[in-house]
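A.B. asks: Below is a structure I'd like to ask you about.
The values are calculated or read from the model by the stated rules, or taken from the named source; none is laboratory data. Being a predicted model, the structure only gives us computed values, none of them experimental. With ideal geometry, Cβ positions are generated from the backbone for all residues, glycine too; neighbour counts draw on all protein chains shown. The area values use the complete protein model at the heavy-atom level, side chains included, leaving out ligands, DNA and RNA. Shrake-Rupley method; radii C 1.70, N 1.55, O 1.52, S 1.80 Å.
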Amino acid sequence: MFDHVTIRVADRSVSERFFETVLTPLGIETSYSTRSFAEWQDFGLTERDDDHPATRGLHVAFAAPSREQVEAFWQAGLDTGQRDDGPPGPRPQYGDDYYGAFIRDPDENSVEAVHHDRPGRREGIIDHLWIRVSDLPAATAFYRTVAAAAGFDLRHEGPERTSFGGGSSGGSFSLVPGPPTENVHMAFPGDDDAVRRFYEDATTAGHRGNGEPGERPQYHPGYYAAYALDPDGNNIEVVNHHRP
């Protein structure tokens with residue numbers, strides 16, 4: 001579902017060590033690392049700056065191949081000195097086969113490993129995100145507006161939660177009321193027409209553009225993308241990498 005999700009962190013080296021430590025038990029290795037950026041497949045981090053504060057209030061869950069790896073993830077997180085946010089165990093309120101464990105990252109975001117017993121092919125390492133929003137109807141309206149172009153669809157809508165998912169390969173994000181999640185970046189894959197449609201749909205509906213459709217060669221040749229801000233100011237993107 002996600003092309004990539006990027007968070008801003010207060011201390012890049014500390015956060016990179018944390019995620020390396022907890023993702024390794026899940027069989028997830030660093031796929032890219034520079035002085036300013038680290039990436040694990042569809043999840044990445046970069047250091048905050050004056051214009052881009054650290055991400056706060058995010059919940060991100062990573063897919064675990066087994067229950068034993070959920071437990072290893074949790075223990076590895078505790079061993080870094082980070083705060084327990086929920087020990088390994090079933091969470092039947094989320095699903096009959098849901099087995100998860102939770103830890104806080106160095107910026108106090110909630111990080112989870114989750115295993116589902118059901119078989120199926122998954123693309124990417126992110127199982128789901130939970131994003132707190134200041135106005136649930138307004139946030140839901142934004143994501144409804146861009147859903148078709150961004151390649152996801154509405155899965156649940158209620159007074160306490162709205163959820164969107166994409167395709168058969170897994171991945172979802174949910175919006176819940178509360179002090180809003182800050183400074184998270186979500187990017188979704190699409191072709192050039194989807195990039196243009198995403199930007200047009202968002203801005204025509206009155207949402208704030210954050211970068212018109214166009215090539216961004218600073219990322220790599222052929223990186224064609226557009227950006228819009230959701231009602232809480234998070235940066236949302238649709239991108240076509242033009243890779244073979």
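A.B. asks: Do we have any residue at all in segment 63-74 that's assigned to a loop (DSSP other than H, G, I, E, B), over 30 Å from Tyr223 (Cβ atoms), modelled with pLDDT of 95 or more and open to solvent by less than 60 Å² (accessible area, probe 1.4 Å)?
C.D. replies: yes
A.B. asks: Which condition does Leu175 not pass, out of (1) hydrophobic (A, V, I, L, M, F, W, C); (2) in contact with a helix residue (DSSP H, G or I) (Cβ under 6 Å, 6 or more places away or on another chain); (3) assigned to a helix (DSSP H, G or I), if it passes all the others?
C.D. replies: With respect to (1) hydrophobic (A, V, I, L, M, F, W, C); (2) in contact with a helix residue (DSSP H, G or I) (Cβ under 6 Å, 6 or more places away or on another chain); (3) assigned to a helix (DSSP H, G or I), Leu175 is out only on (3).
A.B. asks: Can you find even one residue in segment 95-117 that is under 16 Å from the mean Cα position of the chain (by Cα), closer than 30 Å to Asp193 by Cα and not basic (Lys, Arg)?
C.D. replies: no
A.B. asks: Looking only at segment 8-21, filter to residues that are touching a residue at least 60 places away in the same chain (Cβ under 8 Å) and farther than 12 Å from Trp40 by Cα; which one of those is most open to solvent (accessible area, probe 1.4 Å)? Lay out the reasoning, then the answer.
C.D. replies: Our first condition is that a residue be touching a residue at least 60 places away in the same chain (Cβ under 8 Å); within segment 8-21, this holds for 8-11, 14-15, 17-19.
Still in the list and also farther than 12 Å from Trp40 by Cα: 8-11, 14-15, 17-18.
Numbers: Arg8: 56, Val9: 1, Ala10: 39, Asp11: 66, Val14: 55, Ser15: 2, Arg17: 132, Phe18: 7 Å².
If we take residues in segment 8-21 being touching a residue at least 60 places away in the same chain (Cβ under 8 Å) and farther than 12 Å from Trp40 by Cα, then Arg17 is most open to solvent (accessible area, probe 1.4 Å).
A.B. asks: Which of the following residues is on the phi > 0 side of the Ramachandran plot, at pLDDT 95 or above and not in a strand (DSSP E or B): Gly211, Gly233?
C.D. replies: Going through Gly211, Gly233 in turn, just one is on the phi > 0 side of the Ramachandran plot, at pLDDT 95 or above and not in a strand (DSSP E or B): Gly233.
For (1) touching a residue at least 12 places away in the same chain (Cβ under 8 Å); (2) farther than 15 Å from Leu26 by Cβ, each residue gets a yes or a no:
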| site | (1), (2) |
| --- | --- |
| Gly81 | no, yes |
| Asp97 | yes, yes |
| Gly100 | yes, no |
| Arg104 | yes, yes |
| Glu108 | yes, yes |
| Gly124 | yes, no |
| Asp127 | yes, no |
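A.B. asks: Which one is surrounded by the fewest Cβ atoms within 10 Å (Cβ to Cβ) among residues in segment 22-48 that are over 12 Å from the mean Cα position of the chain (by Cα) and among the polar types (S, T, N, Q)?
C.D. replies: Among them, the one singled out is Thr34.
A.B. asks: Provide a single number: the residues in segment 129-142 that are outside any helix (DSSP H, G or I) and either open to solvent by less than 10 Å² (accessible area, probe 1.4 Å) or among the aliphatic types (A, V, I, L, M) (or both).
C.D. replies: Matching residues across segment 129-142 total 3.
A.B. asks: Can you tell me which residues in segment 190-244 are farther than 26 Å from Pro180 by Cβ, open to solvent by 40 Å² or more (accessible area, probe 1.4 Å), of a type outside the set (Asp, Glu) and touching a residue at least 40 places away in the same chain (Cβ under 8 Å)?
C.D. replies: Arg197
A.B. asks: Kindly establish whether Thr145 is over 25 Å from Thr46 (Cα atoms), in contact with a Gly (Cβ under 7 Å, 6 or more places away or on another chain), outside any strand (DSSP E or B) and among the β-branched types (Val, Ile, Thr).
C.D. replies: No: the conditions fail for Thr145.
A.B. asks: Is it fair to say Asp105 is open to solvent by 40 Å² or more (accessible area, probe 1.4 Å), modelled with pLDDT of 95 or more and in contact with a helix residue (DSSP H, G or I) (Cβ under 8 Å, 6 or more places away or on another chain)?
C.D. replies: Spelling it out, it is not the case that Asp105 is open to solvent by 40 Å² or more (accessible area, probe 1.4 Å), modelled with pLDDT of 95 or more and in contact with a helix residue (DSSP H, G or I) (Cβ under 8 Å, 6 or more places away or on another chain).
A.B. asks: Which residue out of Ser172, Ser163 is without any contact (Cβ under 8 Å) to a residue 24 or more places away in the chain and closer than 25 Å to Ala54 by Cα?
C.D. replies: Of Ser172, Ser163, the one residue that is without any contact (Cβ under 8 Å) to a residue 24 or more places away in the chain and closer than 25 Å to Ala54 by Cα is Ser163.
A.B. asks: Also, quick follow-up: Restricting to segment 138-152, name every residue that is more than 17 Å from Gly233 (Cβ to Cβ) and either of a type in the set (Lys, Arg) or more than 16 Å from the chain's Cα centre (by Cα) (or both). Break it down into steps so the answer makes sense when it comes.
C.D. replies: Going residue by residue through segment 138-152, those that are more than 17 Å from Gly233 (Cβ to Cβ) are 144, 147-152.
Once the filter is applied, which keeps residues that are more than 17 Å from Gly233 (Cβ to Cβ) and either of a type in the set (Lys, Arg) or more than 16 Å from the chain's Cα centre (by Cα) (or both), segment 138-152 yields Arg144, Ala148, Ala149.
A.B. asks: While we're here: Count, please, the residues in segment 31-62 that happen to be part of a loop (DSSP other than H, G, I, E, B) and not aliphatic (A, V, I, L, M).
C.D. replies: Result for segment 31-62: 12.
A.B. asks: With the requirement that a residue be in a loop (DSSP other than H, G, I, E, B), touching a residue at least 24 places away in the same chain (Cβ under 8 Å) and open to solvent by less than 30 Å² (accessible area, probe 1.4 Å), what does segment 148-160 give you?
C.D. replies: The one that is in a loop (DSSP other than H, G, I, E, B), touching a residue at least 24 places away in the same chain (Cβ under 8 Å) and open to solvent by less than 30 Å² (accessible area, probe 1.4 Å): Phe152.
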